[in-house]
Structures are given as structure tokens and as C-alpha cells.
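The values are calculated or read from the model by the stated rules, or taken from the named source; none is laboratory data. Values in this document were obtained by computation on a predicted structure and should not be read as measured data. Cβ coordinates were reconstructed from backbone atoms using ideal geometry, including for glycine residues, and neighbour counts include every protein chain displayed.
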Amino acid sequence: MIQIDTANYIRIDGKNTGLQLTQRRDGTVIYSVDSGGQNYREYPMPHARYSTAHDYPASGAAGRAQLEADVRALLETL
């Protein structure tokens with residue numbers, strides 16, 4: 001199960017992934033920041049925008065289940 005906490009950290013199955021999520025005008029951004037706050041890195045995702053609230057949003061964006069699947073796939077590459 002995917003969760004986004006109040007600091008925008010992505011949790012999968014209750015564990016912090018170290019990744020964060022933000023929604024910008026042009027799409028959803030998955031990123032990480034090191035513990036010193038110095039190194040910021042964005043990760044390319046297969047879809048430009050994701051809904052964090054719905055699996056099949058009316059907007060046509062990728063849904064919550066797709067977000068979880070894509071974050072899990074990203075984690076396997078890190």
C-alpha cells in the first residue's frame with residue numbers, strides 16, 4: 001500500500017522509501033534529498049502526472065495504483 005505523509009515522503013507497506021512526491025503545474029515529481037539537504041535528485045517516471053487520490057481519475061492521469069507500481073519499479077533500480 002502506498003501512502004504520502006505530511007512531509008511528502010512516500011511510504012510503501014508502512015516503510016519510508018526515502019523518496020518524496022510533489023505536484024507541479026506540469027506534472028508529478030518524484031525526488032530525493034540527502035540527509036544534509038544538499039543533493040536534490042528528480043527521478044523520471046513513466047507518466048507525467050499521477051493522481052494520489054483515485055485509481056481512475058476523470059482527468060485521465062495515471063491513478064494511485066499505477067503510482068504505486070511505478071514507485072515500486074523505481075525502487076528496484078535504486
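If the condition is being under 18 Å from Ala73 (Cβ atoms) and of a type in the set (Val, Ile, Thr), then the stretch 1-28 contributes Ile2, Ile4, Ile10, Ile12, Thr17, Thr28.
A single member of Tyr56, Tyr31 is of a type in the set (Phe, Trp, Tyr) and over 19 Å from Leu78 (Cβ atoms), and it is Tyr56. Taken over the stretch 34-43, residues that are modelled with pLDDT under 95 and either farther than 20 Å from Thr77 by Cβ or not charged (D, E, K, R) (or both) amount to 6.
Is it fair to say Tyr50 is among the aromatic types (Phe, Trp, Tyr) and in contact with a Leu (Cβ under 6 Å, 6 or more places away or on another chain)? First the steps, then the outcome.
On the way: among the aromatic types (Phe, Trp, Tyr): yes; in contact with a Leu (Cβ under 6 Å, 6 or more places away or on another chain): yes.
Taking the combined requirement at face value, the residue satisfies it.
Scan the stretch 23-78 for residues that are within 17 Å of Asn8 (Cβ to Cβ) and either in contact with a His (Cβ under 9 Å, 6 or more places away or on another chain) or of a type in the set (Phe, Trp, Tyr) (or both) and the total you get is 9.
In this structure, does Asp70 turn out to be among the acidic types (Asp, Glu), surrounded by fewer than 15 Cβ atoms within 10 Å (Cβ to Cβ), free of Cβ contacts under 8 Å to residues at least 40 places away in the same chain and not in a strand (DSSP E or B)? Write out each step before concluding.
Working: among the acidic types (Asp, Glu): yes; surrounded by fewer than 15 Cβ atoms within 10 Å (Cβ to Cβ): no; free of Cβ contacts under 8 Å to residues at least 40 places away in the same chain: yes; not in a strand (DSSP E or B): yes.
No, not satisfied.
Of the residues making up the stretch 32-72, those that are under 11 Å from the mean Cα position of the chain (by Cα), under 15 Å from Gln20 (Cα atoms) and of a type outside the set (D, E, K, R) are Ser32, Tyr43, Pro44, Met45, Tyr50, Ser51, Thr52, Leu67, Val71.
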